[in-house]
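**Q** My questions will all concern the structure given below.
Coordinate-derived values only; no laboratory data. All figures in this text were calculated on a predicted structure; none of them were measured in a lab. All Cβ positions, glycine included, derive from the backbone under ideal geometry; neighbour counts span all protein chains shown.
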Amino acid sequence: MDNLQALKVQVCFATPDVVSVTEIFVSPGIRLLEAVTQSQIGLQHPDINFAMCKFGIFGKLKSPDALLRDGDRVEIYRALVADPMEARRRRARKQGR
């Protein structure tokens, strides 16, 4: 692929212990999930179940078939372990509120 025509995108995934950022060059017209696959981030994190994940670009939820633009940062979101509202309630109770 000619890098003059290629788009440069980042694919990011984070666990509580590790943040992985992979920069790749992709063809114009590529869709989000295709870029995730091309990044091979699944080799670094074999526990990722892409069918269960949500995706975003710069913090905004996007569908797996969203078209990418040059410079986009694709984010792979893990499922929440705990409900954020319930976690806040527990912290507040601990602090005596």
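**Q** Would you pull out the residues with amide H under 5 Å of residue 66's amide H, same chain only if 5 or more places away, H placed 1.01 Å from N?
**A** Close amide H contacts, sequence-distant or interchain: 32, 33.
**Q** Let me spell out the model: positive unit charges on the Cβ of Lys and Arg, negative unit charges on the Cβ of Asp and Glu, origin at the Cα centre of the chain. What dipole size does that give, in debye rounded to 20? Don't skip to the end; give the middle numbers.
**A** On the way: 15 positive and 11 negative charges, 200 e Å.
For this selection, approximately 960 debye.
**Q** Residue 10 to residue 92: extension gain in nm, 0.36 nm per residue of separation minus the Cα-Cα distance?
**A** Numbers: separation 82, 0.36 × 82 = 29.52 nm, distance 3.70 nm.
Extending this stretch completely gives an extra 25.8 nm.
**Q** Which whole-number percentage describes the relative contact order of the chain, with Cα contacts under 8 Å and a sequence gap of 6 or more?
**A** On the way: 134 pairs, mean separation 30.2, N = 97.
Relative contact order for the chain comes out at 31 percent.
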